[in-house]
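One structure below.
Values in this text are rule-based calculations from the coordinates and carry no lab data. Note that the coordinates shown come from a computational prediction; the quantities given were computed from them, not determined experimentally. Counting neighbours? That spans all protein chains shown, and the Cβs are built from the backbone with ideal geometry, glycine included.
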Amino acid sequence: MAATTTPFVEFDRFTKSFDTGGSVVTAVNEMSFQLERGEFLAIVGPSGCGKSTLLMALAGLTQPTSGQVRVDGTPILAPYTDAGIVFQNAELLPWRTALQNVLLQAEVRKAPKAESEARARELLASVGLKGFEGRYPDELSGGMQQRVSLCRALLHDPDILVMDEPFGALDALTRDQIQIDLQRLWMERRKTVVFVTHSIDEAVFLADRVLVFSPRPARIAAEFRVPLARPRHLSARAGREFGDLVGEIRGVFETLGVLSEGER
Ligand SMILES: Nc1ncnc2c1ncn2[C@@H]1O[C@H](COP(=O)(O)OP(=O)(O)OP(=O)(O)O)[C@@H](O)[C@H]1O
Ligand SMILES: [Mg+2]
């Protein structure tokens, strides 16, 4: 990848501690890393190591105890409305249809209605939900709900997409399909993505670069570039390059004592 100028997203000695009535828990300690504009970064790390905390800070939903998070050179000091966020659960409003849930973003931002609706319909169609616009969340499968949630996050064309284990609750086949959909959307729109997952395969399949976090307080234990060409096909997972990289990342977790022999 060509050397570029200023980084787009910067975590600069980011530290976050929580005071839990007497004892202080440091979730993340002095972590620094950067993303280029349009980069797809995946983060894998053990449960409780501080991944969500980091994403919350990027979205401006929590403030660092010390250090800074900057986007395009500006410190994030308040909720950053230009970020699109997708959580593990779709978090759809049950009384609104799929289309109305996607349009929530437009309403909050008071965006032009007709334009927003056209875009929402186009996004839903692009993830295979044409014909489901009028369905309510309880009429949609988990995978469909998560697609709606992805469309909602993309509706206002955010520069940054913050994804916290977005596909963790999905079955394997649905997860495969939604990974392909996300890759396609990303290739078309080139958002800067920070994607947290527990799945090493998912990280390698989707990302340009994978950061491996240690147990809490998180530090970057290793960093891998993913050299696989795009678009990546599911069959790439059977390839040697893919398998070697997954194996290397798993090896880091074994070294850290997060994975022990015999476990996945
Ligand atoms: N609001 C809070 N108050 C107190 N402690 C918190 C708070 N939020 C997070 N923590 C603590 O910070 C640590 C990191 O939590 P975080 O949710 O960031 O982990 P995570 O890496 O996202 O874990 P998981 O993979 O299970 O989602 C944990 O020890 C957690 O208990
Ligand atoms: Mg989390």
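DSSP finds beta bridges in the stretch 1-102, and of those with both partners inside it, around 100 percent are antiparallel.
To the nearest ten degrees, helix 172-189 and the longest principal axis of the Cα atoms of the chain are 80 degrees apart. To the nearest 10 degrees, how steeply does helix 240-256 sit against the main Cα axis of the chain, on a 0 to 90 scale? Roughly 60 degrees, rounded to the nearest 10. Here the extension length gained between I220 and A125 equals 30.4 nm, from 0.36 nm per residue of separation less the Cα-Cα distance.
Springs between Cα atoms under 10 Å define the GNM used for the chain, and in it the highest mean-square fluctuation of D82, D171, D208 occurs at D171.
In whole Å, what is the distance between the alpha-carbon centres of the stretch 5-22 and the stretch 206-264? About 23 Å separates the Cα centre of the stretch 5-22 from the one of the stretch 206-264.
The gain in end-to-end length when the A114 to F18 segment is fully stretched comes to 30.1 nm, 0.36 nm per residue minus the alpha carbon separation.
Looking at the chain, what % of its DSSP beta bridges pair antiparallel, to the nearest 5?
55 percent
Here is the list for the stretch 201-264: GluC sites (Glu not before Pro) lying in DSSP coil, each with at most 11 other C-beta atoms within 10 angstrom of its C-beta, are E261, E263. Quick check: the angle from helix 113-126's long axis to the longest principal axis of the chain, C-alpha only, nearest 10 degrees? Long axis of 113-126 versus the principal axis of the chain: about 60 degrees. Of the residues I43, I85, I220, which exhibits the maximal mean-square fluctuation in a Gaussian network model of the chain defined by a 10 Å Cα contact cut-off? For the chain, modelled as a Gaussian network with Cα springs under 10 Å, the answer is I220. Shown here for the stretch 140-224: trypsin sites (Lys or Arg not before Pro) in loop regions (DSSP other than H, G, I, E, B) with at most 11 other Cβ atoms within 10 Å, of which there are none.
Before rounding to the nearest 500, sum -39500 (n - 2.57) across all DSSP H runs of length at least 4 in the chain and divide by the residue total; then give [θ] at 222 nm in deg cm²/dmol.
Using -39500 (n - 2.57) per qualifying helix, the result is -10500 deg cm²/dmol.
Among A221, A42, A118, the largest mean-square fluctuation in a Gaussian network model of the chain, built with springs joining Cα atoms closer than 10 Å, belongs to A118.
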